[in-house]
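Notes follow once the structure below has been shown.
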Amino acid sequence: MLLFAFNYPFVAFIAGDPEALARVPATLQFAVNELATILLAGTIILAVAWLGRQIQRLLTGELLDVPKYLLLAAAIPMHWIVLLTPMPHKPIAIVAILTIYHNLQYHRLIWFHNKKYTRSSTVFTGTAGASPSAMRRSLIEGDEPDSPDANRTLRQKYGAAELISRRLLYYIAFGILFGVIYQGPRQILGYISLKSGDGVAGAQSFATQLGISFLWGYAFIHYYLDSKIWRIRRDPSVGKALNMS
């Protein structure tokens, strides 16, 4: 249902937006409207089936997953509203609006995951190489969580991740630094591209095209890595790190 519910508004947006439709190969443009219709029908059918299943769960006394319902209620309508609402320069607006949703969700997930790098976590789990009793004893004897010895132990095991995750302020600062390093060249090349040829590939120099391709390349790599990392069912260690198993 999620695949259909998210893909229908995206394809419908392409069908109704000349700027987006122009990016579709001419040989495929005739099929965009038909594909949107198929996706809409599939979304309706699957939504009815999903709703029926939730009613069945309620009637049979099965547990209802309220957090999942809230997530669906936030995500699906937001995508439909953003993608189907007319607005100028819509592709740029879509990226900005829908990425905010993903960024907040992902940062919360990563910050939760990174708590294992902190002193407060290792006191009870012993993941820094010492037993839980030894870690508790070190605190009783005056080894504060932010003491040099405690931080050194974590740094030896986790490296830079310990520093980045030690405080929320550090995490935010390193995130901004990464954003500057990552987005800076993208924005500069994008500006050069627009200034030299309104974004048309043929009007750009080879160096500009190569730079843009490289930056998009390692952006796509992160999607590939995500598909390998967040496999909770296949990798028990990921579920354990997220307290989901």
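Scanning segment 190-212 for residues that are exposed (fewer than 10 other Cβ atoms within 10 Å of the Cβ) and modelled with pLDDT of 75 or more yields a single hit, 206.
Cβ separations smaller than 9 Å between residues 6+ apart or across chains give the following pairs from segment 166-195 residues that are assigned to a helix (DSSP H, G or I) to residues that are of a type in the set (Phe, Trp, Tyr) and open to solvent by less than 90 Å² (accessible area, probe 1.4 Å): 168/111; 171/111; 182/218.
One residue stands out among those in segment 81-95 that are open to solvent by less than 70 Å² (accessible area, probe 1.4 Å) and under 20 Å from the mean Cα position of the chain (by Cα): the one that is nearest to residue 19 (Cα to Cα), which is 91. Exactly one residue out of 33, 103 is under 26 Å from residue 176 (Cα atoms), at pLDDT below 95 and open to solvent by 60 Å² or more (accessible area, probe 1.4 Å), and it is 103. Close Cβ contacts (under 9 Å, 6 or more residues apart or on different chains) running from residues in segment 209-235 that are in a helix (DSSP H, G or I) to residues that are polar (S, T, N, Q) comprise 209/193; 212/193; 212/204.
Within the set of pairs 6 or more residues apart or between chains, which connect a residue that is in contact (Cβ under 8 Å) with a residue 40 or more places away in the chain inside segment 99-118 to a residue that is aromatic (Phe, Trp, Tyr) and surrounded by 13 or more Cβ atoms within 10 Å (Cβ to Cβ) with Cβ atoms less than 6 Å apart? Listed by first residue and then by second, the contacts come to 117/158.
The values are calculated or read from the model by the stated rules, or taken from the named source; none is laboratory data. Quick caveat: nothing in here was measured; it's all calculated off a predicted structure. Cβ coordinates were reconstructed from backbone atoms using ideal geometry, including for glycine residues, and neighbour counts include every protein chain displayed. Remember, those area values only see protein heavy atoms, side chains included, never the ligands or the DNA or RNA. Shrake-Rupley method; radii C 1.70, N 1.55, O 1.52, S 1.80 Å.
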